[in-house]
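What follows is a short report on a single structure.
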2 protein chains.
Amino acid sequence: MSPKALRPGTKAAQPSEGLLDLRALQRTPGFMLRLAQLKFFEGFYEEFAALGLTPATYAIFVVIRDNPGVPPSSLASVLRLRLPNLIKILNELESSGFIKRNRSKSDRRAIELMLTPKGAKLIQEGARLTAPYNKKMLAPLDEAEQRSLLELLNRILRF
Amino acid sequence: MSPKALRPGTKAAQPSEGLLDLRALQRTPGFMLRLAQLKFFEGFYEEFAALGLTPATYAIFVVIRDNPGVPPSSLASVLRLRLPNLIKILNELESSGFIKRNRSKSDRRAIELMLTPKGAKLIQEGARLTAPYNKKMLAPLDEAEQRSLLELLNRILRF
DNA sequence: TATTGTTATACTCTATAACTATA
DNA sequence: TATAGTTATAGAGTATAACAATA
């Protein structure tokens, strides 16, 4: 692969950035996943800032859109958020008029989450930014490689 | 691919987890990267807890080991940590006797970071856990796919 | 004046415990 | 008694501003 700066075992002092031997980290999937995720989230904030969407609220909108009536507990589970932390976000989204909470008729403890028309409009606008955003983030990969990456990630997570 | 629960546009109420339509998120690289990273970090804490290593300190040890004399500013840059946040971790690692700070002779503002023998021993023990840990995390992928994933992540990050 | 390292501090994200209302 | 949702709160991670020492 990339013949990286070979810096043998010299005791050379203060190596400056760019000349560092990072090969061990480059072979560490967890570290590379962290850097990739940081890159995607930073890019997301730039791209979606005008709409006020964050990665978390984007995912929340998408799941409610595709699963109207989903309860907070299921939503927290699939998004890997703790329920109390999700509730805080839902409170903001509801008081801003983007989502609605309905009491279930069959189990009056349960909440059914729905998008309001305002929320549906917001995620629809967000969805229009998604393709160009992903394209920019994945620019170094060709189409087949982009599909491959997604498939490998899905397999790791056993979806 | 996986013929996922097809749930057409029924207005069906309170879909329970496992029956949710998550196809949009599964096609969202940023979201899948977040889930994969969470999986790797949770697995890391289980595997390395006995040694007291975190993902952050593991990476710090590896970079100093492979680049003795590296200054904090370069370290922060490659690990994508803000310098003040890295300094706090370095203070703990130094007072625990794992690393040492030397003043540079040529530029007396600069710090050269080194592992102590104790620190070198710790990362050596940590390195022995790395292969089995990565193998467990990547178990759903065969060898070629594991290499492919790493290479795609490296390309995204232009390493 | 600019740069390296450092401290102090604020903010966001995440985690746990406890409460309510329904079952 | 157990469960879904909620509140309060503590902790970890991450951000900016300001300062000391040196260049």
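The values are calculated or read from the model by the stated rules, or taken from the named source; none is laboratory data. Just so it is clear, the structure is predicted and the values come from calculations on it, not from any experiment. Cβ: placed from backbone, ideal geometry, glycine included. Neighbour counts: every protein chain shown.
Considering the conditions (1) under 19 Å from the mean Cα position of the chain (by Cα); (2) at the interface with chain A (Cβ under 8 Å from one of its Cβ atoms); (3) part of a helix (DSSP H, G or I); (4) not aromatic (F, W, Y), B:E145 is excluded by exactly one of them, (1). Of B:L129, B:L86, B:L53, B:L81, all but one fail to be buried (at least 20 other Cβ atoms within 10 Å of the Cβ) and either within 16 Å of DNA strand C (Cβ to nearest atom) or at pLDDT 95 or above (or both); the exception is B:L53.
Residue pairs whose Cβ atoms lie under 9 Å apart, separated by 6 or more positions or on different chains, with the first residue in the range A:17-45 and farther than 12 Å from B:L33 by Cβ and the second among the basic types (K, R), are A:L19/A:R7; A:L20/A:R7; A:D21/A:K4; A:D21/A:R7; A:L22/A:K4; A:R23/A:K4; A:A24/B:R65; A:Q26/A:K4.
Screening the range A:103-120 for residues that are surrounded by 14 or more Cβ atoms within 10 Å (Cβ to Cβ) and within 14 Å of chain B (Cβ to nearest Cβ) and picking the one that is farthest from DNA strand D (Cβ to nearest atom) gives A:A120. Small (G, A, S) and more than 8 Å from chain A (Cβ to nearest Cβ), is that true of B:A56? So B:A56 fits the description; yes. Cβ-Cβ contacts under 7 Å between residues 6 or more apart (or on different chains), taken from a first residue in the range B:65-86 that is at the interface with chain A (Cβ under 7 Å from one of its Cβ atoms) to a second residue that is within 9 Å of DNA strand D (Cβ to nearest atom), are listed as B:P71/B:A110; B:R80/A:L38.
Taken as a whole, the condition of being within 15 Å of DNA strand D (Cβ to nearest atom), of a type outside the set (S, T, N, Q) and part of a helix (DSSP H, G or I) does not apply to A:I123. If you go through the range A:5-34 and keep only what is assigned to a loop (DSSP other than H, G, I, E, B) and modelled with pLDDT of 95 or more, you end up with A:L20, A:D21, A:L22, A:R27, A:T28. Summed over the range A:133-146, residues that are over 19 Å from B:E145 (Cβ atoms) and either touching a residue at least 40 places away in the same chain (Cβ under 8 Å) or buried (at least 16 other Cβ atoms within 10 Å of the Cβ) (or both) total 4.
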